[in-house]
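The values are calculated or read from the model by the stated rules, or taken from the named source; none is laboratory data. As the structure is a computational prediction, the values presented were derived from the model and not from experiment. All Cβ positions, glycine included, derive from the backbone under ideal geometry; neighbour counts span all protein chains shown. Just so you know, the surface numbers come from the protein's heavy atoms only, side chains and all, with ligands and any DNA or RNA stripped out. Shrake-Rupley method; radii C 1.70, N 1.55, O 1.52, S 1.80 Å.
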Amino acid sequence: MAKIIGPALSNMPWEDKPAGETEPIWRYSGNPIIGRHGNKRSNSVFNSAVVPFNGGFAGVFRCDSRSISMDLFAGRSKDGIHWDIDDEPILFAGADSEIAVNEYRYDARITPMEGKYYITWCNGYHGPTIGAAWTEDFKTFHQLENAFLPFNRNGVLFPRKIGGMYMMMSRPSDNGHTPFGDIYVSQSRDLEFWGRHRYMMGTIKGNESAWQSTKVGPGPSPIETDEGWLLIYHGVITTCNGFVYRMGVALLDLDEPWKVKYRSKDYLMAPWELYECVGDVPNVVFPCAALTDSATGRIAIYYGCADTVTGIAFTTVDELIRFVKEHS
Ligand code: BMA
């Protein structure tokens, strides 16, 4: 049995694998857990992040408004399934006034680290780049400098220093709906200045693994295991009717996480259910968070469905490691 390195979480949302299920991952029977109308003005609630907090759960949610502006909202939950999401967006304090201008904010990840909760997101600053902030209470949020220049998306921190350095994955891109994209890892001593950029993994061209032929991007903050960092990511193909977003998994070297030990050739999960295939942007599953229980190896992945609603899928560390090794 592989081991998750991290705290136990006995109250995380969970359903056992249904009898006869052959997939390595299975959806919560009550999906979607958050519908379009998660707060007062929301058109859609998706691509959002959650963490254990104060015996329950807290989250940062992407709620696109009815004017279709993109912003981040704090939320709280007792069970990780039923959520109260604020009606007003998060006010980020502390940033340099230039950085604090809110052009747009979306697709947050949360990484608990050193007693704080770090939030990273796609932040509009003359083009999309990686915004960063921290909170201790999900009420006051302290904004840091943007990690990178535009154009970039999917900034995801590792949950601890590695070799004495903070590490963040990202996916350099362009100003629009990027028709390309590979994942890199960057390093920092202080979470402000980033360098030592290393290529981690890219798209796979041709017919071999075409679901990830257009772009790939990191999902939740990586899960530390005794076999390596488990990275759940999204992969995109361009079809005659637009992009299709699927989920994959990779196992990264613990000390040099840009080195990929295994990576799924077959996708892990794809838009199969109606709420994943039909919505404001059809055929999208987009993972942004994972809860884990080191005592049992359980993993609950939170993912956006069709850019409209939010779902949970369950798996275990053994299922993911077996799958990535068998389908690498
Ligand atoms: C990406 C991001 C995501 C979105 C996806 C599908 O480029 O904008 O927020 O879920 O496209 O529309």
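The set of residues in region 272-305 that are in contact with a helix residue (DSSP H, G or I) (Cβ under 7 Å, 6 or more places away or on another chain) and free of Cβ contacts under 8 Å to residues at least 40 places away in the same chain is empty.
Based on what the data block shows, is GLY55 within 18 Å of the chain's Cα centre (by Cα) and either under 30 Å from LYS161 (Cβ atoms) or not small (Gly, Ala, Ser) (or both)? Taking the combined requirement at face value, the residue does not satisfy it.
Flag set for GLY124, criterion: free of Cβ contacts under 8 Å to residues at least 24 places away in the same chain and either open to solvent by less than 30 Å² (accessible area, probe 1.4 Å) or within 16 Å of the ligand (Cβ to nearest atom) (or both). The criterion of being touching an Asp or Glu at 6+ places or on another chain (Cβ under 7 Å) and assigned to a strand (DSSP E or B) holds for LEU251. A count restricted to region 104-119 and to residues that are open to solvent by 30 Å² or more (accessible area, probe 1.4 Å) and closer than 23 Å to PRO52 by Cα stands at 5. Within region 249-261, identify whether any single residue is surrounded by 19 or more Cβ atoms within 10 Å (Cβ to Cβ) and within 16 Å of the ligand (Cβ to nearest atom), and answer yes or no. Checked region 249-261: no residue is surrounded by 19 or more Cβ atoms within 10 Å (Cβ to Cβ) and within 16 Å of the ligand (Cβ to nearest atom). For region 214-237, a residue qualifies if it is away from the ligand (no atom under 12 Å from the Cβ) and more than 13 Å from the chain's Cα centre (by Cα), and the qualifying residues are GLU224, THR225, ASP226, GLU227, GLY228, TRP229, ILE237. Inside region 262-273, residues that are open to solvent by 10 Å² or more (accessible area, probe 1.4 Å) and not in a strand (DSSP E or B) make up a count of 6.
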